[in-house]
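The values are calculated or read from the model by the stated rules, or taken from the named source; none is laboratory data. Treat the numbers as computed from the prediction; the structure is a model and nothing was measured. Every residue, glycine among them, receives a Cβ derived from its backbone with ideal geometry; neighbour counts consider all protein chains shown. Heavy atoms of the whole protein, side chains included, go into the accessibility calculation; ligands, DNA and RNA do not. Shrake-Rupley method; radii C 1.70, N 1.55, O 1.52, S 1.80 Å.
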Amino acid sequence: MDEEIILGQADICKYMYGFVDSMTLRCVVELGIPDIIHSHGRPITLTEILNGIPNLSSSFDINYLQGIMTILVRRRVFAVHKFDPKDGTNLTEIRYGLTPSSKCLLKDSKFNLAPFVLLETHPWITDPWNYLGKCVQEGGSGFVKAHGSDVFKFGSDHPEFFKLFYDGMECSTKVLVQVVLDKYQQVFKDVKSIVDVGGGTGMMISEIVKNHPHIKGINFDLPHVVAEAPDYPGVEHVGGDMFVEIPQADAITMKGILHDWNDDACVKILENCKKAIPKNGKVIIIDCVLNPDGDDLFDDIKVVSDLGMRVHCSDGKERTEAEWEKLLKKGGFPRYKITHVVTVQSMIEAYPE
Ligand SMILES: C[S@@+](CC[C@H](N)C(=O)[O-])C[C@H]1O[C@@H](n2cnc3c(N)ncnc32)[C@H](O)[C@@H]1O
């Protein structure tokens, strides 16, 4: 076989087994392994990891754990230590430590992504990917094909999915909102009231209000969603339908909303946003700006997210800057400014005049 074929085979095998990365990652989150290592304050042996795992039965299998850790060391989720830091001699048992990746999975980390991992790797979310071929042949959403109803209806009918979904959303939002609030204070300076459209259980608007107490916050989402939202100081929860009417405010935030819908639906939402804000108001959209040929840190994930929006929402998609410009113009927002926050999403400030 020539070298090209061998490289081709290696690539195909790598992609074929790509799901093993997701499953091993899910497993260490489920078992709390990053927290077990963290609780020792130093790299630890496999036996020490095992001893920290809850609910071990007498037939536990350390070989599984060994295999999982070996893969995740290769993926740089964990670090391996073979030498004694004191004298540089070989350790009798190798030890496993945290890396910047596994530090993102610690319960008490400000940037804990563990609930997001549990959401994205759950069979409720992964099963729809098995319908990709059917989606190509018939159109429609993989989520509906797998579960019989759309993602928002499924959430209202299945409390366990509802919790998984919003825990995952909240932790990914927390990471992003922290960056926006730290670096882009001026965005909220002259605003007295904000409605977060499709704000879920209200975490994002509560963080904005906490950092800018002069702002009155409204968390706006479907009635069954806001019914489950916790109380936050300075935040009013309002249930409704963004395709009908959006509560009035100086500004609107929308994170992860427009990418759920096709252009016609987005135009309707944007028109309702325009009716809800004054002429000098603005809409702050937090969503991906696709760059399919780009090689920035998050460009690859954005392309995956684009397909993911189709699989889970059917009409959903991520958009390039040119697509955003066209959509915003059609929805009544001729002027906009994009700020590339260092995460998957960017911030698009859109102005009605
Ligand atoms: C992908 S989630 C984003 C949640 C939140 N903004 C975040 O990023 O964490 C989309 C949200 O849109 C809400 N939604 C869907 N249809 C809606 C409608 N017609 N009116 C208001 N909210 C809606 C859903 O209930 C859900 O909370």
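Data for the structure
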{"read-out": "In region 85-105, the residues that are open to solvent by 40 Å² or more (accessible area, probe 1.4 Å) and either among the aromatic types (Phe, Trp, Tyr) or not in a strand (DSSP E or B) (or both)", "value": "Pro85, Lys86, Asp87, Gly88, Thr89, Pro100, Ser101, Lys103, Cys104"}
{"read-out": "Subset of region 144-154 [open to solvent by less than 60 Å² (accessible area, probe 1.4 Å) and within 17 Å of the chain's Cα centre (by Cα)]", "value": "Val151"}
{"read-out": "Selected residue (only one of Leu65, Leu119, Leu72, Leu50 is assigned to a helix (DSSP H, G or I) and assigned by TED's automatic domain parsing to the domain that holds Phe143)", "value": "Leu119"}
{"read-out": "Every pair of residues 6+ apart whose Cβ atoms lie under 7 Å, when the first sits in region 336-350 and is among the small types (Gly, Ala, Ser) while the second is open to solvent by 40 Å² or more (accessible area, probe 1.4 Å) and in a strand (DSSP E or B)", "value": "Ala350/Tyr336"}
{"read-out": "Every residue from region 1-41 that is modelled with pLDDT of 95 or more and not in a helix (DSSP H, G or I)", "value": "Tyr17, Gly32, Gly41"}
{"read-out": "Residue within region 303-311 that is assigned to a loop (DSSP other than H, G, I, E, B) and open to solvent by 50 Å² or more (accessible area, probe 1.4 Å) present", "value": "no"}
{"read-out": "Residue tally, condition near the ligand (Cβ under 8 Å from one of its atoms) and without any contact (Cβ under 8 Å) to a residue 40 or more places away in the chain, over region 184-200", "value": "1"}
{"read-out": "Test: residue in region 171-183 that is open to solvent by less than 20 Å² (accessible area, probe 1.4 Å), in contact with a His (Cβ under 7 Å, 6 or more places away or on another chain), within 13 Å of the ligand (Cβ to nearest atom) and in contact (Cβ under 8 Å) with a residue 60 or more places away in the chain", "value": "no"}
{"read-out": "Residue list for region 218-263, filter: away from the ligand (no atom under 11 Å from the Cβ) and either under 20 Å from Ile348 (Cβ atoms) or not assigned by TED's automatic domain parsing to the domain that holds Asp157 (or both)", "value": "Ala249, Asp250, Ala251, Ile252, Asn262, Asp263"}
